[in-house]
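K.L.:
Following this message is one structure expressed as structure tokens.
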Amino acid sequence: MNLFDVYPLYNIAPVKGEGVFVYDKAGTKYLDLYGGHAVISIGHSHPTYVSALKGQVEKLGFYSNSIQNPLQEELAGKLESVSGCENYSLFLCNSGAEANENALKLASFHTGKSRVIYFEKAFHGRTSGVVAVTDNQSIKAPFNTGHKVTRLVFDDVPSLENELKKEDVAAVIFEVIQGVGGLEEATTNFYTEASKLCKKHAALLIADEVQSGYGRTGDFFAFQKHGIRPDIISIAKGMGNGFPMGGILIDQAIQAKHGLLGTTFGGNHLACAAGIAVLDVIEKEQLMENAASIYSYVKSAAAEIPHVKSLKGRGLMIGLEFDFEVAPLRKEMLFTHHIFTGAASNKNLLRILPPLNIQKEHFDTFFKALKQALKNFSESSPATATNIEKS
Ligand SMILES: Cc1ncc(COP(=O)(O)O)c(C=O)c1O
């Protein structure tokens, strides 16, 4: 049987990972500045994580959500203390799309309304409801187009108010920092006004922190910088450091009822063991602090490279913007310098989403390689001044 061919693949097959590196069969070492798409939070094969998963699978790998599973409570308690998000409850599922799908469904149950507001360049996943609120026509099938959704310009308060005034909106969903969309972040004014307007018009505010959460921005959640309190927060990616898991944090004002939401695999014993280990390591190794401090280092280093026109994002969710398309540059970084980087819908943006325990020396390697690789692009795109402020 062939694989259903939906992914354009690099001809590299990592077989081993350790910290910020992955290795192929021949032992070639790659620096992972992509983190398997922002998934690797505490580093590949972290010893705490490996022993937690090994220990759990030896005891009990899975049982359904029809029995007591104290690991779910332990995970929820730890998530509350590490994130600082109090008076939420946790529903566990298996992926980012599923988290957002449950968030939208719950908002609709809670408000009794059905329309959802989303924003330009948003990416919330590929299942039916969330692909409908994703700004990419090419991944929406006719089946996905029956939802009541409205797309607005990000950071535009008056248009949001106009829509909410119609009183039929169940939820407003946004990524606080857009991932696939190219690391756009709105102003604090937008987030606080959106929050107030949702309350006024009885709509729920959903922060999709699938990519920006779990310490990646230097705060546990990206919205925390803006001082808002979303009604629902969706999480996945870094939560399991590669073990597939997702969830939503649900404000205490939203009532649960048996059968309202459900899943077979969500919150299983192995996933909880992975999730608890991740939070333990984030806390013990102060990975949020590391993300924030490494960002300052990256910013100074990027400011020395005139080809880099701007730096987007924060913490270890970073975009280096060039004035040319970066696909060939990414290939050169990968095949010549053995460094994984990411792309975005903005074709000029090189996305950096490394494990949160990355160190300055790894970025030294990256910038040295980048400078070398850029020599090949100088003729087609001569270096002019960067717009990054020197700090
Ligand atoms: C912000 C955001 N939300 C949701 C998703 C979907 O997550 P998953 O691929 O786990 O379904 C992604 C995936 O890239 C994402 O970046």
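The values are calculated or read from the model by the stated rules, or taken from the named source; none is laboratory data. Bear in mind the structure is a predicted one, so any value in this text is a computation, not a measurement. A quick note on method: Cβ atoms are made from the backbone with ideal geometry, for glycine too, and the neighbour counts reach across all protein chains shown.
K.L.:
Among the residues of the stretch 251-270, are any crowded, with 18+ Cβ neighbours inside 10 Å, closer than 27 Å to GLY342 by Cα and away from the ligand (no atom under 13 Å from the Cβ)?
P.N.:
No, every residue in the stretch 251-270 fails to be crowded, with 18+ Cβ neighbours inside 10 Å, closer than 27 Å to GLY342 by Cα and away from the ligand (no atom under 13 Å from the Cβ).
K.L.:
Any residue at all in the stretch 61-72 that is under 17 Å from ILE235 (Cα atoms) and either in contact with a His (Cβ under 6 Å, 6 or more places away or on another chain) or within 16 Å of the ligand (Cβ to nearest atom) (or both)?
P.N.:
Within the stretch 61-72, not a single residue is under 17 Å from ILE235 (Cα atoms) and either in contact with a His (Cβ under 6 Å, 6 or more places away or on another chain) or within 16 Å of the ligand (Cβ to nearest atom) (or both).
K.L.:
Taking interchain pairs and intrachain pairs at least six residues apart, which have beta carbon atoms under 8 angstrom, with the first residue in the stretch 62-83 and of a type in the set (D, E, K, R) and the second part of a loop (DSSP other than H, G, I, E, B)?
P.N.:
Cβ pairs passing all conditions: GLU80/GLU86.
K.L.:
Right, next: If I ask for residues that are surrounded by 24 or more Cβ atoms within 10 Å (Cβ to Cβ) and more than 16 Å from the ligand (Cβ to nearest atom), which ones from the stretch 33-45 would you list?
P.N.:
Within the stretch 33-45, LEU33, ILE42, GLY43 qualify.
K.L.:
A further question follows. Output the residue which, of all residues in the stretch 96-116 that are farther than 23 Å from ASN241 by Cα and free of Cβ contacts under 8 Å to residues at least 60 places away in the same chain, is nearest to the ligand (Cβ to nearest atom). Even if it seems obvious, please write down each step before you answer.
P.N.:
Taking the stretch 96-116 and keeping what is farther than 23 Å from ASN241 by Cα, we get 104-116.
Next, only the ones that are free of Cβ contacts under 8 Å to residues at least 60 places away in the same chain stay: 112, 114-116.
Working: GLY112: 25, SER114: 21, ARG115: 20, VAL116: 14 Å.
Going through the qualifying residues, I end up with VAL116.
K.L.:
Among the residues of the stretch 190-216 satisfying the criterion of being surrounded by 24 or more Cβ atoms within 10 Å (Cβ to Cβ) and among the charged types (D, E, K, R), which is farthest from the ligand (Cβ to nearest atom)?
P.N.:
Checked the stretch 190-216; the qualifying residue farthest from the ligand (Cβ to nearest atom) is ARG216.
K.L.:
What is the residue count in the stretch 296-332 for residues that are touching a strand residue (DSSP E or B) at 6+ places or on another chain (Cβ under 9 Å), over 22 Å from LYS237 (Cβ atoms) and assigned to a helix (DSSP H, G or I)?
P.N.:
4
K.L.:
Something else now. Name the residues in the stretch 118-169 that are in contact with an Asp or Glu (Cβ under 8 Å, 6 or more places away or on another chain), more than 16 Å from the ligand (Cβ to nearest atom) and of a type in the set (Val, Ile, Thr), would you?
P.N.:
Residues satisfying the conditions are THR150, VAL153, VAL157, VAL169.
K.L.:
Being touching a Leu at 6+ places or on another chain (Cβ under 9 Å) and within 18 Å of ILE139 (Cα to Cα) is the filter; apply it to the stretch 174-189 and report the residue that is farthest from the ligand (Cβ to nearest atom).
P.N.:
GLY182
K.L.:
Within the stretch 120-131, can one find any residue that is touching a residue at least 12 places away in the same chain (Cβ under 8 Å) and more than 19 Å from the chain's Cα centre (by Cα)?
P.N.:
The answer is yes, given that some residue of the stretch 120-131 is touching a residue at least 12 places away in the same chain (Cβ under 8 Å) and more than 19 Å from the chain's Cα centre (by Cα).
K.L.:
Same structure, new question: Here are the criteria: (1) buried (at least 24 other Cβ atoms within 10 Å of the Cβ); (2) in a loop (DSSP other than H, G, I, E, B); (3) within 13 Å of the ligand (Cβ to nearest atom). Tell me which single one PRO230 does not satisfy.
P.N.:
(3)
K.L.:
Show the residue pairs meeting these rules: Cβ distance below 6 Å; 6+ apart or different chains; first residue within the stretch 195-215 and in contact (Cβ under 8 Å) with a residue 24 or more places away in the chain; second residue assigned to a loop (DSSP other than H, G, I, E, B) and of a type in the set (Phe, Trp, Tyr).
P.N.:
GLU209/PHE221; GLY213/PHE221
K.L.:
Does PRO14 satisfy the criteria of being at pLDDT below 95 and either over 29 Å from ALA132 (Cβ atoms) or exposed (fewer than 12 other Cβ atoms within 10 Å of the Cβ) (or both)? Before you say what the answer is, go through the steps one by one.
P.N.:
Working: at pLDDT below 95: no; either over 29 Å from ALA132 (Cβ atoms) or exposed (fewer than 12 other Cβ atoms within 10 Å of the Cβ) (or both): yes.
Spelling it out, it is not the case that PRO14 is at pLDDT below 95 and either over 29 Å from ALA132 (Cβ atoms) or exposed (fewer than 12 other Cβ atoms within 10 Å of the Cβ) (or both).
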